[in-house]
Amino acid sequence: MGTVTLGVSIAVPEPYGSFLQKRREGFGDPHAHGIPTHVTLLPPTEADASSLPAIEDHLARVAAECRPFPMRLSGTGTFRPLSPVVYVNVVEGSASCAWLQKRIRDEAGPVARELQFPYHPHVTVAHGIAEEAMDRAYEELAGFEAAWTIDAFALYEQGPDGVWRLEREYPFGEGEGTAPAVPHQTGVRPPAPSR
């Protein structure tokens, strides 16, 4: 059956998602059109296509353990010079994202993997483009603000054309029947980046 390239993320909802994707295109990022605006929970990961049912079951179990939580984005940050990325900050909901990504990458699970950098939730708005354009992204989105309640994450697959496409959404559990809510914390900023 071959391999597939998968990712798991929290979608940034409208109107914010389209706005940030258009701005990313405007800064000259050639990959922006194929990457829906998101907060990564599992970075691009190769998997055997035959393992998809097990991966989907695992993701459904993780989602069922989580309750909806607030997310707020505010201002910009950068991983330069370590990594050529400018991003919008996650200032509320970062601890919940960190809990989710750790559960998704559980070493006993079907998508266990190590990260290149310590996990740092963010929304990329420029990646690998000219320094002047990176500076512009950093400055022009410094006043960006958005807030919403997250009640699901999603599995994406990257096609041969490089475009990431939604495969399935995983709604969170609610009410008394779920595991304890994911912890919430504001302004968690680990020292090193993850993409």
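Taken together, the values in this text are just the output of simple stated rules run on the coordinates, not laboratory data. On a predicted model such as this, the values are computed, not experimentally measured, just so you know. So basically every Cβ, Gly included, is an ideal-geometry build from the backbone, and we count neighbours across all protein chains shown.
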With r as the distance between the Cβ atoms of Ala142 and Glu14 and R0 = 22 Å, compute the FRET efficiency 1/(1 + (r/R0)^6) and round to 0.05. 0.50
Separation between the Ser51 and Glu107 pseudo-spin-labels, each 7 Å from Cα along Cα→Cβ, expressed in nm? 1.6
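Below 8 Å between Cα atoms, with a sequence gap of 6+, how large is the relative contact order for region 3-171 in percent? Numbers along the way, then the final one.
Working: 315 pairs, mean separation 54.3, N = 169.
Relative CO of region 3-171 lands at 32 percent.
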To the nearest 10 degrees, the tilt of helix 131-140 (Cα long axis) against the first principal axis of the alpha carbons of the chain is 80
0 to 90° range, to nearest 10: angle between helix 52-64 axis and the chain longest Cα axis: 80
Which residue, Ala98, Ala63, Ala108, tops the fluctuation ranking in a GNM of the chain built on C-alpha contacts under 10 Å? Ala108
According to a simple spin-label model (label point 7 Å from Cα along Cα-to-Cβ), what is the distance in nm between Glu132 and Arg80? 1.3
FRET efficiency, 1/(1 + (r/R0)^6) with R0 22 Å, evaluated for Phe117 and Glu169 via beta carbons: 0.25
Give me the angle, in degrees from 0 to 90, between the Cα long axis of helix 94-104 and the longest principal axis of the Cα atoms of the chain, rounded to the nearest 10. 50
Select from Glu145, Glu114, Glu56 the residue whose mean-square fluctuation is largest in a Gaussian network model of the chain (Cα-Cα springs shorter than 10 Å). Glu114
